[in-house]
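The values are calculated or read from the model by the stated rules, or taken from the named source; none is laboratory data. Values in this document were obtained by computation on a predicted structure and should not be read as measured data. Heads up, the Cβs are rebuilt from the backbone with ideal geometry, glycines too, and the neighbour counts pull from every protein chain shown. Note: accessible area is taken over every heavy atom of the protein model, side chains too, but ligands, DNA and RNA are not part of it. Shrake-Rupley method; radii C 1.70, N 1.55, O 1.52, S 1.80 Å.
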Amino acid sequence: MMDQKKCTLAKGFSIYEKLYAQVSFFAFSIIGFYGIYIEDWRWSLGYLIIFTSVPLIVQRHLVCPRCPHLYEYGDCLQLHPGLTRLLIKKQKTSPLNRIEKSVWLLIFILLPFFPIYWLSSHKELLIAFLLACGIWYGGQFFYFCRRCRVSSCPMNLTPYRR
Ligand code: SF4
């Protein structure tokens, strides 16, 4: 029973899945940054720090060091696998602990909510930002996280979640 179920989990990712995840992620990040920058460049530095915490904290220390997609299947959804490997400090087998999960959650809550205040002065930018956010977070929640092999990721929605 267990083995049959495992086959629903993703191994690598198709070019379409990667384009979907990467284009939507970079789209909302760039729109968010630009929307803050044109209002107050000083706060855009804050968003830049939040954005860079994805490769420098999430990918380097939290989720990617524990990713079977990368280590067992040599693939990555969000970046070229070679680049992801360069980012990772060292491979890990232990599940994320409570502090790591809280840091992860904080980053993925700040990413979509931080720019809203400044974007609210620019309706078109706000709509484009929310659309791109909806595409990325919706794709994660309704598709990728239901097939993900990173069992201790806080967003994992498979029966194997740890
Ligand atoms: S968790 Fe895996 S698939 Fe996701 S970005 Fe990291 S290495 Fe890539």
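Scanning the stretch 56-102 for residues that are within 12 Å of the ligand (Cβ to nearest atom), assigned to a helix (DSSP H, G or I), under 20 Å from Phe144 (Cβ atoms) and open to solvent by less than 60 Å² (accessible area, probe 1.4 Å) yields Val58, Gln59, Leu62, Cys64, Pro65, Arg66, Pro68, His69, Leu70, Pro81, Thr84, Leu87. What is the residue count in the stretch 13-55 for residues that are open to solvent by less than 70 Å² (accessible area, probe 1.4 Å), assigned to a helix (DSSP H, G or I) and not small (Gly, Ala, Ser)? Going through the stretch 13-55 one residue at a time, the tally reaches 14.
Looking at the stretch 106-160 only, could you name the residues that are within 30 Å of Thr93 (Cα to Cα) and small (Gly, Ala, Ser)?
Residues of the stretch 106-160 within 30 Å of Thr93 (Cα to Cα): 106-112, 136-160.
Scanning the stretch 106-160 gives Gly138, Gly139, Ser151, Ser152.
Being of a type in the set (D, E, K, R), under 22 Å from Ile15 (Cα atoms) and more than 12 Å from the chain's Cα centre (by Cα), is that true of even one residue in the stretch 107-124? It would help to see each step written out before you state the result.
Going residue by residue through the stretch 107-124, those that are of a type in the set (D, E, K, R) are 123-124.
Add one more test, that the residue is under 22 Å from Ile15 (Cα atoms), and what stays is none.
No, every residue in the stretch 107-124 fails to be of a type in the set (D, E, K, R), under 22 Å from Ile15 (Cα atoms) and more than 12 Å from the chain's Cα centre (by Cα).
Restricting attention to the stretch 113-126, does a residue exist that is buried (at least 16 other Cβ atoms within 10 Å of the Cβ), within 14 Å of the ligand (Cβ to nearest atom) and part of a helix (DSSP H, G or I)? No.
Okay, residues lined up against (1) in contact with a Cys (Cβ under 9 Å, 6 or more places away or on another chain); (2) closer than 14 Å to Tyr34 by Cα; (3) at pLDDT 95 or above:
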site: Leu106; (1), (2), (3): no, no, yes
site: Phe113; (1), (2), (3): no, no, yes
site: Leu126; (1), (2), (3): no, yes, yes
site: Ser152; (1), (2), (3): no, no, no
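Checked against (1) over 19 Å from Leu83 (Cα atoms); (2) surrounded by 14 or more Cβ atoms within 10 Å (Cβ to Cβ); (3) under 17 Å from the mean Cα position of the chain (by Cα); (4) modelled with pLDDT of 95 or more, Ala10 passes all but a single condition, namely (4).
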